[in-house]
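A quick write-up on the structure given underneath.
The values are calculated or read from the model by the stated rules, or taken from the named source; none is laboratory data. Note that the structure is predicted; figures quoted are calculated from it, not measured. Every residue, glycine as well, gets a Cβ built from its backbone with ideal geometry; the counts of neighbours run over all protein chains shown. With ligands, DNA and RNA removed, areas are computed over all heavy atoms of the protein, side chains included. Shrake-Rupley method; radii C 1.70, N 1.55, O 1.52, S 1.80 Å.
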Amino acid sequence: MTLLAVERIKLFSTRSPWWCTIVALGLTIGFGWLFVANIENPTLSMSQQGSQFGQMVVMVMAALAVTTEYRFGTIRSTFQAVPNRTAALLAKTTVVALLALVVGEVAAFGSWLVAKVVAPAGMELATAEDWRLVAGVGLVFALCAVFAVAVGVLVRQSAGAITIMLIWSMLVENLVAAIPNIGADIQRWMPFTNANHFLSESSPFGSPMPFGPWGSLAYFAAIVFAVLAAALAVANRRDA
């Protein structure tokens, strides 16, 4: 609990988490409103169309939470105070993931409330699938934050970590589908494609994914924690 309290204080003593939280909420709810307000007969999933914008901001926030420590050298003080680097980094990851979870849930239900005011029809949370489409946003945000912290530990540089994450999630996974014959099959196994499938009403390709929605989330989580394990191993082997 002491480590978690220390990491919480360190995280909220800087401005970037506060600004990123405000921007993530504004983008998610704002774009959700734009989608719902400018389409006839919007569905519940339309209210969550802005979540990908908020997801990007949360990943940037999570990466900065660790790369700024490397940039200013405070990570050395952390590792001197807590020789167990795995425990220190897991505490930081836990705090950042919990913040991302809260931001995701507030953004998702905020988008849903705005959509319900703009277009009440079809916005009821009546089934388990409806709840998954809305409440699931927080789970994806939390896992994305863990992934971003892991990339930050591996790269140790803000610009590099952010570039890798944004290019991978926004470009690579979409461009790979352009590979003739095998592109679509490869894309089905991409991590963020599976995360999007979890938050979708149907397959993003119109054909079955390798897993169902919850299986896709579990697959995404497995990749995220594999990257985190690699980051912890690297952090324990090299100098801070």
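How many residues does the stretch 170-206 hold that are assigned to a helix (DSSP H, G or I) and within 15 Å of the chain's Cα centre (by Cα)? Before you say what the answer is, go through the steps one by one.
Narrowing the stretch 170-206 to residues assigned to a helix (DSSP H, G or I): 170-178, 183-187, 191-198.
When the remaining residues are screened for being within 15 Å of the chain's Cα centre (by Cα), the result is 170, 191-198.
Of the residues in the stretch 170-206, 9 are assigned to a helix (DSSP H, G or I) and within 15 Å of the chain's Cα centre (by Cα).
Name the single residue, out of those in the stretch 43-58 being assigned to a loop (DSSP other than H, G, I, E, B) and among the polar types (S, T, N, Q), that is least open to solvent (accessible area, probe 1.4 Å). Break it down stepwise before answering.
First, pick out the residues of the stretch 43-58 that are assigned to a loop (DSSP other than H, G, I, E, B): 43, 49-50.
If we keep only those that are among the polar types (S, T, N, Q) too, we end up with 43, 49.
On the way: THR43: 53, GLN49: 74 Å².
Per the stated criteria, the residue is THR43.
Go through the stretch 103-130 and report how many residues are aliphatic (A, V, I, L, M), open to solvent by 50 Å² or more (accessible area, probe 1.4 Å) and in contact with a helix residue (DSSP H, G or I) (Cβ under 7 Å, 6 or more places away or on another chain). Full working, then the answer.
Initial filter on the stretch 103-130 (aliphatic (A, V, I, L, M)): 103, 106-108, 113-115, 117-119, 121, 123, 125-126, 128.
Adding the requirement that they be open to solvent by 50 Å² or more (accessible area, probe 1.4 Å) leaves 106, 113, 117-118, 121, 126, 128.
Subsequent filtering for residues that are in contact with a helix residue (DSSP H, G or I) (Cβ under 7 Å, 6 or more places away or on another chain) retains 106, 118.
So the answer is 2.
If only one of GLU7, GLU40, GLU105 is touching a Gly at 6+ places or on another chain (Cβ under 9 Å) and charged (D, E, K, R), which one is it?
Selected residue: GLU105, the only one of GLU7, GLU40, GLU105 that is touching a Gly at 6+ places or on another chain (Cβ under 9 Å) and charged (D, E, K, R).
Sort through VAL117, VAL146 and tell me the only one that's among the β-branched types (Val, Ile, Thr), without any contact (Cβ under 8 Å) to a residue 12 or more places away in the chain and farther than 17 Å from LEU27 by Cβ. Show your work before the answer.
On the way: VAL146 fails: without any contact (Cβ under 8 Å) to a residue 12 or more places away in the chain.
Matching residue, one of VAL117, VAL146: VAL117.
In the stretch 149-178, how many are in contact (Cβ under 8 Å) with a residue 60 or more places away in the chain and open to solvent by 70 Å² or more (accessible area, probe 1.4 Å)?
Total satisfying the criteria: 3.
Can you tell me which residue among ALA108, ALA115, ALA65, ALA88 is part of a helix (DSSP H, G or I) and modelled with pLDDT of 95 or more?
On the way: ALA115 fails: modelled with pLDDT of 95 or more; ALA65 fails: modelled with pLDDT of 95 or more; ALA88 fails: modelled with pLDDT of 95 or more.
Sole residue among the options that is part of a helix (DSSP H, G or I) and modelled with pLDDT of 95 or more: ALA108.
Show the residue pairs that are 6+ apart or on different chains and have beta-carbon atoms under 8 Å apart, the first residue being within the stretch 15-26 and farther than 18 Å from GLY110 by Cβ, the second being among the β-branched types (Val, Ile, Thr).
SER16/THR68
Residue by residue, here is whether (1) in contact with a Phe, Trp or Tyr (Cβ under 9 Å, 6 or more places away or on another chain); (2) touching a residue at least 12 places away in the same chain (Cβ under 8 Å); (3) open to solvent by 50 Å² or more (accessible area, probe 1.4 Å) holds:
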| site | (1), (2), (3) |
| --- | --- |
| VAL36 | no, yes, no |
| ASN41 | no, yes, yes |
| ALA62 | yes, yes, no |
| THR68 | no, yes, no |
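Kindly provide the set of residues from the stretch 182-240 that are open to solvent by 60 Å² or more (accessible area, probe 1.4 Å), among the aliphatic types (A, V, I, L, M) and modelled with pLDDT under 90, ordered by number.
ILE182
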